[in-house]
1. At q = 0.17, 0.25 Å⁻¹, what is the base-10 log of I(q)/I(0) for the stretch 41-105 according to the Debye formula with one equal point scatterer per Cα and no solvent? Please give it to two decimals.
2. What is the stretch 295-371's relative contact order, in percent, from Cα pairs under 8 angstrom and six or more apart in sequence?
3. Of Pro241, Ala82, Thr66, which is farthest on the positive side of the dipole of the chain, counting Cα position, with +1 on Lys and Arg Cβ, -1 on Asp and Glu Cβ, and the Cα centre as origin?
4. About the Cα centre of the chain, what is the dipole size in debye to 20, counting +1 per Lys and Arg Cβ and -1 per Asp and Glu Cβ, all else neutral?
5. For the stretch 161-241, what's the relative contact order in percent, using C-alpha pairs closer than 8 Å and at least 6 residues apart?
6. Compute the normalised compactness of the chain: alpha-carbon radius of gyration over 2.2 N^0.38 Å, N being the residue count.
7. Just want the answer: with Cβ charges of +1 for Lys and Arg and -1 for Asp and Glu, which residue in Phe265, Gly199, Ser300 is farthest toward the dipole's positive end in the stretch 143-300?
8. So which DSSP H runs in the chain come out at 20 Å plus along the axis (Cα) with average Kyte-Doolittle of at least -0.5?
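Quick note: the coordinates plus some simple rules give every number you see, no bench work behind them. What you are looking at is a predicted structure, and each value in this text was computed from that prediction instead of being measured. Cβ atoms come from the backbone with ideal geometry, glycine included; neighbour counts cover every protein chain shown.
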Amino acid sequence: MNAPSSLIDPARRRLVAALAGTGVAAALPGWAAPRATRTRRGPLGVALIGLGGYSRDLLAPALQMTRHCRLAGIVTGTPAKAEEWQRRYAIPDRNVYDYEGFARIADNPNIDVVYVVLPNHLHKRFTVEAAAAGKHVWCEKPMAMDAGEAREMIDACRRHRVQLTIGYRLQHEPNTRAWSELAKSRPFGRLLRVKADAGFNGFRNNPGDAWRLDPARGGGAMYDMGVYSLNAARYTTGREPLAVTARQEILRPEIFRGVDETMRFRLEFPEGVVADCVTSFGMDLNTLRAECEAGWYQLSPFQTYDGIKGEASDGRRFDATLGPKPAMQALQMDQDALAIIEGRPPRVPGEEGLRDMRVLDAIFASARADGKRVQIDQD
Ligand code: NAD
């Protein structure tokens, strides 16, 4: 189903304006130029793998708004879903795959990128398989189950000379971009403390077979919402944390078996800066705050699909508007597609996902050890 053009055009105009300021990212260590030499011109063909809520409600509609990429293919285990998607988005049979036959995608010149939108335990497997098929990979957050998997994914993409990009949509959002700049310009003097809280009050009714509650499939609040707090703490400080203390809480043990309902963690950064973070499946939380020697700044909400906004103690506001959802995902995918087309590193490469996975490993280790302080592996 295509959105009416009256809806698309203003959003498209805003996207073009946002893209205009993209600039060329600095070369990253270890980043290999993509092997893919496209003979075809025009937007990149994207295949979504995993047609659940995020693909259905955000990514597929966003791909109707993008200029540099388009929804070309799907990978699903459910034939009925495939039919429905093919009808809605005019996807030809030759661009439809199931999980078992996925490797055949290597022979399809109309697919340039595979976007992995599966439960977390499947991110590594399909990233590695997509890379082996010679496709660039966009992978949803959290990148993987642990840092070891993240490294394997980076290695596979490097070996096959395809780009690996993590779907941290907020890093493309204009207010978050402006916010992250403050880590460098420091208008309020030295940063002292960050607070980053991300959560929602969910799973109240019968949760059924929810993979988000299954430890084997990467369930729990930390993997799902905690990465927003963690990633935000890193882009707020512009530094890497040195150590962490973490504690998990479970108020509804009948629902949360072997996964965290709430995780509270403190990250220790260089120069005594701390980030206190809470993430939860039992509380609505959506605030990012930085306290400095001579003032403060805050985004609330900071991780919604639209309407991210904030203010600072000097009266400045974070009030850029991208337009309603899914404009943020459209901007993200257009910027990531341009990086491939122009042969330059993406804004959020696999290495950025790996940095979070290293911290996640330390958070889980600390929580398992009743809040013992755990050092975080550095590069
Ligand atoms: P979902 O449960 O709605 O969809 C998951 C899909 O995977 C379904 O189509 C399901 O059929 C398929 N699947 C294949 N193998 C499966 C298995 N073994 N168990 C369960 N499902 C299986 O999930 P979602 O909300 O679309 O999330 C998918 C990914 O996208 C996750 O990694 C999640 O963290 C990420 N996500 C990111 C954002 C964001 O804002 N960046 C938002 C939502 C989800």
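1. The Cα Debye sum returns log10 ratios of -0.54, -1.15.
2. 16
3. Result: Thr66, furthest along the dipole toward the positive end.
4. 820
5. 36
6. It is 0.97.
7. Farthest towards the positive end: Ser300.
8. 5-20, 327-341, 350-368
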